[in-house]
Amino acid sequence: MSNIFTKLKYLLFFLLLTHSYLSCSQNFPDLVAGIPVNYDESLVGEYELPDPLILKNGQRVTDTTIWIKQRRPEILEMFQKYQFGKAPCREELSFRIFEEGSAFDGKAIRRQVTLYFTKDTTAHKADLLIYLPSNSKKPVPLFFNISFLPNALTINDPGIRRGMMRNKEGKLISVPDTPPKNGLNVEKFLSEGFGVATIYYQDIEPDFAEGIRYGVRGYFLKPGSTYPAPGEWGAIAAWAWGLSCAMDYLETDRDIDTRKVALFGISRLGKTVLWAGARDSRFGMVIASCSGEGGAALSMRNYGETIAHIMAPSRYFYQFCSNRAQFADDPRTSPIDAHMLISLIAPRPLLLQTGDSDGWSDPKGEFLAAIAAEPVYRLFGKRGLETKVMPDPGEAILHDVGYYMHAGGHGTLPSDYDIFIKFMKKHFIEDGSQFTY
């Protein structure tokens, strides 16, 4: 009899578990790393965002001096501690211009530079590829792309050195000798008087959990350590660190107006350019595409990708500092959110580009974060989105804080680059204002 009761007990438990799962699946039809994904606005729940203009001591920021000297450093420190991790000081950069020539039927000067990130010049290095309009008589603004692909696979130009790349096993292999299928359209920027630069992110730090063994984070590990401490840098902070190293070189190039460098990246590299722009005010503009969770989308919304998804052991935990995982169960317990990251870019121009069907990256969450950061931009006399109504796909807001959503999914479409150029022209040429701390 007891055996029957035991079987009935387990059957009842299984039925309750099944009912619970089916109920959950009706609301969260997708699972990622075994974690439900919410795409239902009615299930977002209530949350209260921290006020970016309230100091830790409870006092309100009333002017730009208080923001720059007190509140901004507070927010920056929290993002270092709880999200991206603190990066070490950069070593003195060395570099070598190994090629300079003509490209695109004489429309451009091509410059290829090897950046050496450490004193040991044998391992930690990256090729920075630069194109400048050949007819320019003064330093030009620059569109600076951090790419998922090596330079020779990013831009269709046979003059690019192919170089090496590292596979998931950590082995160095030659970059395939094939032209890009949809390369970055350099000539479109050149025709508007802009230069273009690109760098391959995995030359800085390989993008997999064991990549630390081959990237700059491994080089800077403390003696006896095999992994950074909980508040030390993840891979995104390493990529951002590498971008600042690249800016160290750009400041030596007299053909580039380094007050007008627009930093651009997609997805995890959208997160990267936001953090690079937050840490380094030398970047005059940030254009972040579909940066989502850990980027411009509000974590507290519980929509699309969440902290729990991104910090799962099978996914992208290594891209952030380990401290980030403590907010996986309830992002509302975090002292920071995406609107505060956006606020660190102020008063420099920022454009958030996304896709209307990219629920995973939460386009609405990015829009709401931009709205919540607007008071910081207004503090500087700059324009936020100035609306609480999301624009339709194809309708661009190009104020100091910009927002543009194409009809489509994750990433950037060729037509999006026309919007980027329009944004750069408006703020780098027509307005012409710069700001550094």
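The values are calculated or read from the model by the stated rules, or taken from the named source; none is laboratory data. This structure is a prediction, so every number in the text was calculated from the model and none was measured. Ideal geometry is used to build each Cβ from the backbone, glycine not excepted, and the neighbour counts take in all protein chains shown. We work out accessible area using only protein heavy atoms, side chains counted, and drop any ligands, DNA or RNA first. Shrake-Rupley method; radii C 1.70, N 1.55, O 1.52, S 1.80 Å.
Laid out as a table, the results:
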quantity: Within the range 86-204, strands (runs of 3 or more DSSP E) holding 2 or more residues that are touching a helix residue (DSSP H, G or I) at 6+ places or on another chain (Cβ under 8 Å) and surrounded by 21 or more Cβ atoms within 10 Å (Cβ to Cβ); calculated: 108-116, 125-133, 140-147, 195-200
quantity: Residue count for the range 232-272, restricted to those that are within 23 Å of His339 (Cβ to Cβ) and open to solvent by 30 Å² or more (accessible area, probe 1.4 Å); calculated: 2
quantity: Single residue of Gly294, Gly277 found to be within 24 Å of Leu413 (Cβ to Cβ) and either of a type in the set (S, T, N, Q) or out of contact with any strand residue (DSSP E or B) (no Cβ under 7 Å at 6 or more places or on another chain) (or both); calculated: Gly294
quantity: Out of Leu350, Leu398, Leu379, Leu368, sole residue that is touching a helix residue (DSSP H, G or I) at 6+ places or on another chain (Cβ under 9 Å) and under 23 Å from Ala237 (Cβ atoms); calculated: Leu350
quantity: Flag for Ala346 being part of a loop (DSSP other than H, G, I, E, B), buried (at least 23 other Cβ atoms within 10 Å of the Cβ) and either at negative phi or under 16 Å from the mean Cα position of the chain (by Cα) (or both); calculated: yes
quantity: In the range 309-328, the residues that are part of a loop (DSSP other than H, G, I, E, B) and either in contact (Cβ under 8 Å) with a residue 40 or more places away in the chain or more than 17 Å from the chain's Cα centre (by Cα) (or both); calculated: Ala312, Pro313, Ser314, Arg315, Tyr316, Phe320, Cys321, Ala328
quantity: Test for Ile421: is it aliphatic (A, V, I, L, M), in contact (Cβ under 8 Å) with a residue 40 or more places away in the chain and surrounded by 14 or more Cβ atoms within 10 Å (Cβ to Cβ); calculated: yes
quantity: Qualifying residue in the range 342-356 (condition: among the hydroxyl-bearing types (Ser, Thr, Tyr), modelled with pLDDT of 95 or more and out of contact with any Pro (no Cβ under 6 Å at 6 or more places or on another chain)); calculated: no
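A quick yes/no check of all residues on (1) over 18 Å from Leu128 (Cα atoms); (2) in contact (Cβ under 8 Å) with a residue 24 or more places away in the chain; (3) out of contact with any helix residue (DSSP H, G or I) (no Cβ under 7 Å at 6 or more places or on another chain):
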| residue | (1), (2), (3) |
| --- | --- |
| Arg217 | yes, no, no |
| Phe220 | yes, yes, yes |
| Leu263 | no, yes, no |
| Ala278 | yes, yes, no |
| Met300 | yes, yes, no |
